[in-house]
Structures are given as C-alpha cells and as structure tokens.
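Everything below concerns the one structure shown next.
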Amino acid sequence: MSKHLVVFDVDSTLIEEEAIELLAEFSGTREQVAEITARAMAGEIDFGTSLVERVSLLEGLSESVLAEVAASLTPTKGAQELISLIHETDGYAAAVSGGFIQLLGPLKKQLGLDFAKANTLEVVDGKLTGKITGELVDSTVKAETLLALVHKLEIENQRTIAIGDGANDLTMMKVAGLSIAFCAKQIVRDQADVVLDVRDLSLVAAFLPNG
Ligand SMILES: [Mg+2]
C-alpha cells in the first residue's frame, strides 16, 4: 500500500466546539467572540484579523483555564474510529488549526494524531496576554503545512485529503488531492469535492485511498 495523509481542521470538524468560545466564556466575552468567529468562518472577514481581535478579548485569563477547556473538548463522533482506520491503511492523520496548540496538544495525544499545528497563546506570569506568539496559522499556513507534510512524508499529492468546515480551510482544501466539506459553511460546501452533512467522521472512511 502507498502511504496517504488526512489533514483535519479542528474546531467544529475534529471537535464539536469552537474552542475559542469556551475560553471566552471565562472572560465574559463569549457572545462577542462567537459573532466574530461566525463571520470569519463564513468568509465575510479576514481570518487573521478576526483571530487577533478575538484573542485580544482573552487578555488576563488565567493560564489554568487552558487545561480546563482542553479537558472539556468533545471529539466529533467517529473521529477516533477514523484515525484508527487511517493508521491501519498506512496513512497519517494530521490536525492543522487556526485555534491553539495549548488545547490541540492534549487532543493530539488523546486521539493518536501523528502531527498537530496551531497558534500559540502567549502566557506571561500565568496569564494570557491577549496575543499570539510566533507564526499566525491562517488559511495560507494551513495549506503550506499540508504541502510540507506531503514533502516530508513523501506522499503523492493525490493521496491527500483535507477536511474542514470554515473559510480558513479553503486554501488547504484546494491543494489537497480530495477536499471534504464537513457540516460546513456554504462557501466551503460550494468549493469542496465531497460534502458531508452528518456529524460522523467515520463516513470519511469511504473516501480513504486505501479504504
Ligand atoms: Mg473549523
């Protein structure tokens, strides 16, 4: 069997939640953050700008909130089953997120993901500064990460799948061999090769190159 690669978006794809909204609950800004998230995912505003704005609303939160929210995340139905199947069929499972590595790290371990990339929330003296540190993972970086994995793992590009729900997934979906819109926003549904409307990731099994 030739190798293959599946790249997942995280928020509202690999997990049920938009994790930043759970963080915002602790700073009393959930509604405001949710409204900006919805507009960014629908492609109405630039993702990077929206992220900077939303993260600024988290300023002052205690670092301990990160572990609390990480532990509360719900993997989407079928996620574990699909990741196991990807591994059984000589594939790699990666998560590339416009969310945060402090939340994705534990999830990577829990689900047995091979690779994870996300933004890093800056923490100083045990508190969130309201800023991202390092590279901002936007739609371009998501696509570049997929291509870098293809190169590093020596996988044929047509044997890659990108799965997402929001406008910031469109670029990586474009460069993947197959793109799957998962319970996605209209702009994503319109451009994907496959549209899935049932919240069960095990349905992706039918599209695995070695499935
Ligand atoms: Mg998403």
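Each value in this text was obtained by applying a stated rule to the coordinates, not by laboratory testing. The structure displayed is predicted, hence computed values, not measured ones. We place every Cβ from the backbone using ideal geometry, glycine too, and count neighbours over all the protein chains shown.
Tabulated data
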quantity	calculated
Top of Thr133, Thr37, Thr120 by mean-square fluctuation, Gaussian network on the chain, Cα under 10 Å	Thr133
Mean Cα-pair separation over length for the chain, i.e. relative contact order, pairs under 8 Å, 6 or more apart, %	27 percent
³J(HN,Hα), Karplus 6.51/-1.76/1.60, whole Hz, each residue of region 51-68, x for Gly, Pro	5, 4, 5, 5, 5, 4, 6, 9, 3, x, 5, 5, 4, 5, 5, 4, 5, 5
Which of Phe26, Phe47, Phe207, Phe182 has the fewest Cβ neighbours within 10 Å, and the rest in rising order	Phe207, Phe26, Phe47, Phe182
Lysines with Cα under 29 Å of Lys185, excluding same-chain neighbours fewer than 8 positions away	Lys77, Lys108, Lys109, Lys117, Lys131, Lys142, Lys174
Estimated [θ] at 222 nm from DSSP helical runs (n ≥ 4, -39500 (n - 2.57)) normalised by residues in the chain, nearest 500	-12000 deg cm²/dmol
Full-stretch length increase - Met1, Asp46 - with 0.36 nm per residue and alpha-carbon distance subtracted	12.2 nm
Amide H contacts under 5 Å for Ala95, placed H, 5+ residues apart	Phe8, Phe115, Ala116, Lys117
Distance (nanometres) between label positions extended 7 Å along Cα→Cβ at Val124 and Glu156	5.1 nm
Beta bridges by DSSP in the chain, antiparallel share as percent, to the nearest 5	25 percent
Of the trypsin sites (Lys or Arg not before Pro) in region 48-135, those whose Cβ has at most 15 other Cβ within 10 Å and which sit in DSSP loop	Lys77
Cα-centre dipole for the chain with unit charges at Cβ (Lys and Arg positive, Asp and Glu negative), debye to 20	400 debye
Inverse of mean 1/r across different Cα pairs in region 4-207, Kirkwood, Å	16.8 Å
Partner aspartates and glutamates for Lys152 [C-alpha distance under 18 Å; skip if fewer than 8 residues away on the same chain]	Asp90, Asp114, Glu144
Options Thr13, Gln110, Thr74, ranked by Cα towards positive dipole end of region 4-207, top entry (Cβ charges)	Gln110
